[in-house]
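Notes for the one structure printed next.
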Amino acid sequence: MTVDPQKVRIEGVYEQRQPGYFMLRVKVPGGVLSSEQALKVCEIAERFAGGGIHLTTRTSIEFHWLKEGDLAEAARMLQAVGLTSRGACGGAVRGVSCSTQFSDDFPRVQVLARKLHHHFTQNPHFENLPKKFKIGVDAGYEGARHLIQDAGLVLVETDGESARYDVWAAGGLGREPVPGFLLEERVPEERIILLVEALVRVYKQHTPKGKRLKHLLKEIGQEAFRKLLREEIGREEVLVISDGFQKRLTPQTAAGRPERVEARIFAGELKVGTLRRLAELAARHAAGFMALTPEQNVALFLTEDASAIEATQALAGMGLCGGPSEEQVGFRICPGNHECRMGLAPTRDIARDILKVMGPEGSRLSWAIAGCPNSCSQPQLAEMGIVTIKLVKEEGGERRALFDLYRLEKRGAFGKLIRQGIGLDELLQSVSAIG
C-alpha cells in the first residue's frame, strides 16, 4: 500500500473491513444533489464501486469497494460536477447536513448550508482538528437533530430575506451520547459564520486530539466555554455574505410549499440503475434537483407544472413506494460489518430479520440500527433505536453480538434505554411484542 490511511482520511477516505478496499465519502451540502451530479455519481459507482452507493443519515454519499488506484480519479470526477470528498472524514468540518427537507423553509436553509460548506471546506484554518466537527442547518425543531451537532442551527424567524437562528452547541452521539445545549437564541444570519468560526477555533485550540467538542464542554463547563467563545469572537468582525439574486436550488411555488414525493431506499443502498432513473425524474419534474434525506431516502420537490400523480406512479413502477399513502417502515441503517471496520454486526441482515417479526404497531414507528456504539444511524433519535454494543465469545469460540434497545418517550430528547445487553433472539422477541 502506497497511501497512508491516516493521511487520506482528510480526503474522505476510510479503509474498509476487507483488506485492500476503501470507502470514499462525498459531501452533499444540505443534501441537495443535481441530476448532473447524480449521473456523475452513477459513472463513478459503475467504474469503481460495484454499481451502487450508500446514502448516509447526514445526507452524504459513500462509495464502497474502491481500490487504492481508484481514489484520485474518483475525486477528479467529483470535482468535475462541483462535488468534493475533502473533509468528509478525519479531523475537519464535515458535510453540512439538513434534516428538514419536508419543511416549507427548506429552500431557505439549504442556501445557508451551501454557504457554510463553501466557507469551511478545504480551508486550512478549519482542518487538522482534534476530531470531526459537525454542522447541521434545519428549518425547525422536528427530528431533534440539532441535539447531536457540534453546531446545530435552527431557523426560528424569517422576515423577507432576513432570518434568525437558534444556535446549539457541543452535542454528539457515539459511546457517550450528549445532547447539545442552547448557546444563543435568535442569531441573525449575518452573524452565523462568525459564531461557527469561533466555535471551531475554540475547539481546535483547547481540545485534546481525538476528542469532540462535547468533551471540552464536559471538562471546563459552560461558563468557561462561553468565556473562551466571547474572547474568540472579540477578535473578529461580522462577516456578511450578500446575495445578488436568489440561490435556492429546489423549487418554491408562489403558493408556498411545493408538492413533494419521496423514494424509499432500504438501508440507503442505492443501485446505479435506480439513481439514473431518479435523476431523469428530477430533470423532468423537479427542476433538475433531488434531496437526500436523513432517513436515507430521496425526495423530489415538484415544479408547479409537474404532476404529482405521474411522479408517484413512476416511483411506484421503480418499486420505491413513493406515494404519500404507502405504508413502509422507516429504518435507518449503517453499513455495519458488511463493509465498515468498526461494525460489529450485519446491520442489513438484522434489519430484515426485524421486519419479519414486526407487528402493525411497530411498523408505524421509525427505527434505526447502528452496527457499533459510534451510532452513525442515529438510533437515539429514532422512535425505536438499536445499538450493537459488543461481541461476546460463546462456547466453541463463536462470537455473537449484544444490543441495547432504546425507545423515544419525549420529542426533542434522546431515546430511553429500555433493554441492555440483549442477544438477537431477545431483540427479536422485544420487537414482536410491540403491538
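Descriptive notes on the structure:
Rundown of residues vs (1) under 14 Å from Gly12 (Cα atoms); (2) surrounded by fewer than 24 Cβ atoms within 10 Å (Cβ to Cβ); (3) among the hydroxyl-bearing types (Ser, Thr, Tyr); (4) free of Cβ contacts under 8 Å to residues at least 12 places away in the same chain, yes/no style:
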site: Leu66; (1), (2), (3), (4): yes, yes, no, no
site: Thr84; (1), (2), (3), (4): yes, yes, yes, no
site: Gly95; (1), (2), (3), (4): yes, no, no, no
site: Cys98; (1), (2), (3), (4): no, no, no, no
site: Phe102; (1), (2), (3), (4): no, yes, no, no
site: Asp105; (1), (2), (3), (4): no, yes, no, no
site: Gln110; (1), (2), (3), (4): no, no, no, no
site: Lys115; (1), (2), (3), (4): no, yes, no, no
site: Pro124; (1), (2), (3), (4): no, yes, no, yes
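- Taking the criterion of being closer than 22 Å to Gly174 by Cβ and in contact (Cβ under 8 Å) with a residue 40 or more places away in the chain, the residues of the range 339-367 that qualify are Glu339, Cys340, Arg341, Gly343, Leu344, Ala345, Thr347, Arg348, Ile350, Ala351, Ser366.
- Sole exception among (1) among the β-branched types (Val, Ile, Thr); (2) part of a helix (DSSP H, G or I); (3) within 20 Å of Leu147 (Cβ to Cβ) for Val387, by number: (2)
- Strands (runs of 3 or more DSSP E) wholly inside the range 142-224 containing at least 2 residues that are in contact with a helix residue (DSSP H, G or I) (Cβ under 6 Å, 6 or more places away or on another chain) and under 24 Å from Glu383 (Cβ atoms): 151-159
- Any hit, the range 191-206, residues being closer than 20 Å to Ser375 by Cα and either buried (at least 21 other Cβ atoms within 10 Å of the Cβ) or touching a residue at least 12 places away in the same chain (Cβ under 8 Å) (or both): no
- Within this structure, Asp404 fails the test of being in contact with a helix residue (DSSP H, G or I) (Cβ under 9 Å, 6 or more places away or on another chain), in a helix (DSSP H, G or I) and in contact (Cβ under 8 Å) with a residue 12 or more places away in the chain.
- Taking the range 277-314 as the range and being modelled with pLDDT of 90 or more, surrounded by 22 or more Cβ atoms within 10 Å (Cβ to Cβ) and part of a helix (DSSP H, G or I) as the test, the residues that pass are Leu278, Ala279, Leu281, Ala282, His285.
- Residue in the range 81-93 that is aliphatic (A, V, I, L, M), more than 25 Å from Pro208 (Cα to Cα) and more than 18 Å from the chain's Cα centre (by Cα) present: yes
The values are calculated or read from the model by the stated rules, or taken from the named source; none is laboratory data. Bear in mind that the values here come from a model prediction, so they are computed numbers and not experimental data. Heads up, the Cβs are rebuilt from the backbone with ideal geometry, glycines too, and the neighbour counts pull from every protein chain shown.
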